[in-house]
Protein chains: 2
Amino acid sequence: MTILTITGYKGGIGKSTTAFHLAAYFSDLGKTILVDGDPNRTAVKWAGRSEEPLPFTVADERQAMRIIPGADFIVIDTPARPNSDDLKELAKGCDLLILPTSPDIVSLEPMLDTARDLEGSKYRALITVVPPHPSREGELMREDLREGGIPVFETMIRRTVGFAKAALAGRPIRDIEDARARGAWDDYKALGDEVKEIIR
Amino acid sequence: MTILTITGYKGGIGKSTTAFHLAAYFSDLGKTILVDGDPNRTAVKWAGRSEEPLPFTVADERQAMRIIPGADFIVIDTPARPNSDDLKELAKGCDLLILPTSPDIVSLEPMLDTARDLEGSKYRALITVVPPHPSREGELMREDLREGGIPVFETMIRRTVGFAKAALAGRPIRDIEDARARGAWDDYKALGDEVKEIIR
């Protein structure tokens, strides 16, 4: 059983979107459960809008204990703004802690603090909501984080309206017919490949 | 796998004590894990003071997913003061929801509200912190709850300083050498028997 936990120090940085799409990715590889521990229940609501069953199960954290035995992959979405104690405890409970962050200067400082809290834990920063070419904000953020000693995924998740469409349809973005949506799924596929490499 | 969830609308009503002692009871019957979901981490701290291993595992909720596969019994301690939405979701996630309450008139009203929220769910009220004979507060509370249509355990948990000693020693009260402590363990044993009857 592999456990991936997604958390972030603020909202709007693709935390639940990342949890949802990693669950989609890993559902191709084994029985996958997405545990929604965010009080907003974004993932539960997302799944609730789907007209057809998803390839993974989305469970409210208050019902998760009942269904997780037998799962191969568990993706946990958590509340935003964990405190530093929480972060360490979350990291202990999973195989990889993933911290999405948007590529802006105000996000850099909290990520560097986070890195201090997580020293010695298995985690990666993930740059999300990346503005399209020719913006270099994503690359610059990645360089800044690496200079700060923070392990960061090579893959970045591009900003696209496709995610809003996907959320409305209750599906992962790979099910949305749209060229840019396909690009966004490619990002999550690349992320899944990277995660698989790290946890094996 | 049997899941018992303990919750309460306020602190100081024996919630964590009940979780700890039901875990002790069920550890005689199978592999038992106590998941500490109370932000105070009372159960984790209680277990941390024990000099010898307990017959059950106490896990911080943030690490629970990793260890619960393979457990026969899971006892979940939750934050006090769940809202009504929480209560229903908690009840869906377990085989029996247990609501400790002290036997006083100010506790009656919130229990009646709770019962309304939980209509149709599998739950029982548990009267705890019961003052010693000749006080009849416990029996009166039980009658009041039953009149209010609330399912309530026949067993009541008597108030005793033995619980403080047990907490300090990091052990269940059955390990404390003291005549009154033995009486308190008898209460939890009777409670465990009742729970076993309900969930089977």
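Read-outs throughout are calculated quantities, based only on the coordinates presented, and are distinct from any laboratory measurement. Only a predicted model underlies this, so the values are computations on that prediction, with no experimental measurement involved. Methodologically, a virtual Cβ is constructed for each residue, glycine included, from the backbone with ideal geometry; neighbour enumeration extends over all protein chains shown.
Count, please, the residues in segment B:73-89 that happen to be assigned to a helix (DSSP H, G or I) and either surrounded by 24 or more Cβ atoms within 10 Å (Cβ to Cβ) or more than 8 Å from every other protein chain (Cβ to nearest Cβ) (or both).
Going through segment B:73-89, the residues assigned to a helix (DSSP H, G or I) turn out to be B:84-89.
Keeping just the survivors that are either surrounded by 24 or more Cβ atoms within 10 Å (Cβ to Cβ) or more than 8 Å from every other protein chain (Cβ to nearest Cβ) (or both) gives B:84-85, B:87-88.
Qualifying residue count for the region: 4.
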Item to check | Members of segment A:96-122 found to be within 16 Å of the chain's Cα centre (by Cα) and within 14 Å of chain B (Cβ to nearest Cβ), listed by number | outcome: A:96, A:97, A:122
Checklist entry - Of the residues that sit in segment B:51-65 and are of a type in the set (D, E, K, R) and in contact with a Gly (Cβ under 6 Å, 6 or more places away or on another chain), which one is nearest to the other protein chains (Cβ to nearest Cβ)? => result B:62
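Can you confirm whether residue A:108 is surrounded by fewer than 19 Cβ atoms within 10 Å (Cβ to Cβ), touching a residue at least 40 places away in the same chain (Cβ under 8 Å), among the hydrophobic types (A, V, I, L, M, F, W, C) and not in a loop (DSSP other than H, G, I, E, B)? Reasoning before the result, please.
Working: surrounded by fewer than 19 Cβ atoms within 10 Å (Cβ to Cβ): yes; touching a residue at least 40 places away in the same chain (Cβ under 8 Å): yes; among the hydrophobic types (A, V, I, L, M, F, W, C): yes; not in a loop (DSSP other than H, G, I, E, B): yes.
Yes.
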Checklist outcome for this item: Scanning segment A:151-200 residue by residue, those among the β-branched types (Val, Ile, Thr), under 28 Å from residue A:114 (Cα atoms) and in contact (Cβ under 8 Å) with a residue 60 or more places away in the chain turn out to be A:157, A:195, A:198, A:199
Item to check | Residue pairs meeting the criteria (Cβ under 8 Å; at least 6 apart or on separate chains; first more than 14 Å from chain B (Cβ to nearest Cβ) and over 15 Å from residue A:41 (Cα atoms), in segment A:1-20; second hydrophobic (A, V, I, L, M, F, W, C) and in a helix (DSSP H, G or I)) | outcome: A:9/A:111
Item to check | Test: residue in segment A:129-148 that is buried (at least 21 other Cβ atoms within 10 Å of the Cβ) and either under 22 Å from residue A:37 (Cα atoms) or in contact with a Gly (Cβ under 6 Å, 6 or more places away or on another chain) (or both) | outcome: yes
Item to check | Residue count, segment B:132-174 (criterion: within 14 Å of residue B:13 (Cβ to Cβ) and either among the polar types (S, T, N, Q) or not in a strand (DSSP E or B) (or both)) | outcome: 6
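Got a number for residues in segment B:27-45 being in contact with a Leu (Cβ under 8 Å, 6 or more places away or on another chain) and touching a residue at least 40 places away in the same chain (Cβ under 8 Å)? Talk me through it step by step, then tell me what you get.
Filtering segment B:27-45 for residues in contact with a Leu (Cβ under 8 Å, 6 or more places away or on another chain) gives B:27, B:43.
With the extra rule that they be touching a residue at least 40 places away in the same chain (Cβ under 8 Å), the set shrinks to B:27.
Of the residues in that region, 1 qualify.
Please count how many residues of segment B:175-200 are part of a helix (DSSP H, G or I) and within 13 Å of residue B:50 (Cβ to Cβ). Working first, answer last.
At the first step, the residues of segment B:175-200 found to be part of a helix (DSSP H, G or I) are B:175, B:179-199.
Narrowing the set further to residues that are within 13 Å of residue B:50 (Cβ to Cβ) leaves B:175.
Count: 1.
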Checklist outcome for this item: In the set A:70, A:93, the lone residue that is in contact with a helix residue (DSSP H, G or I) (Cβ under 6 Å, 6 or more places away or on another chain) and facing chain B (nearest Cβ under 8 Å) is A:93
